[in-house]
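The structure appears right after this line, and notes come after that.
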Amino acid sequence: MGSRLVSYELFVSDYISAAHNLRQYQGKCEHLHGHNWRVEVRLAGDDLDEEGMLLDFTRAKRLLAEVLDDLDHVYLNEVPPFDAINPSSENLARVIAERVAGRLPHGVRLTSVTTWESDRCAATYRPAEAAGA
């Protein structure tokens, strides 16, 4: 019998509204503009707690909301680390992933973060360990 990579996976999402402009970009997005980003987080683990849950959805949603709080209704280009790196959807997904991963309880790991900047455009970040590296 082969080993499983993931036994359980949770999905939570939230929204932020923020303005940004892409540095060194030639096109409309070099100008100040805003998005209502949908942020999707996927968490995984092999074991359930005594209540039969990987992580309570309420706790997962609260954790995500705390991470997103300083990114909501701001000009991202002025908020660290986006004051030094381009506030692209890809970088936004990575930064959120790193912040969420650092707050997870033992036994729960982050598998991906997707940032939707519109209904038709999204970027997904998967940590190396989640991507199978």
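The values are calculated or read from the model by the stated rules, or taken from the named source; none is laboratory data. Values in this document were obtained by computation on a predicted structure and should not be read as measured data. Don't worry about glycine lacking a Cβ; one is built from the backbone with ideal geometry, like all the others, and counts go over all protein chains shown.
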Of all residues making up segment 24-58, the number that are touching a residue at least 60 places away in the same chain (Cβ under 8 Å) and surrounded by 13 or more Cβ atoms within 10 Å (Cβ to Cβ): 11
Pick from segment 59-116, criterion touching a residue at least 60 places away in the same chain (Cβ under 8 Å) and aromatic (Phe, Trp, Tyr), ranking: nearest to Trp37 (Cα to Cα): Trp116
Lone unmet requirement of (1) crowded, with 16+ Cβ neighbours inside 10 Å; (2) closer than 19 Å to Glu129 by Cα for Ser7: (1)
Some residue of segment 89-101 being modelled with pLDDT of 95 or more and assigned to a loop (DSSP other than H, G, I, E, B): no
Of all residues making up segment 23-48, the number that are in a loop (DSSP other than H, G, I, E, B) and not acidic (Asp, Glu): 8
Test for Leu22: is it in contact with a Cys (Cβ under 8 Å, 6 or more places away or on another chain), of a type outside the set (S, T, N, Q) and on the phi < 0 side of the Ramachandran plot: yes
Residue satisfying condition, being of a type outside the set (D, E, K, R), under 14 Å from Val12 (Cβ atoms) and out of contact with any Asp or Glu (no Cβ under 9 Å at 6 or more places or on another chain), within set Ala65, Ala93, Ala60: Ala60
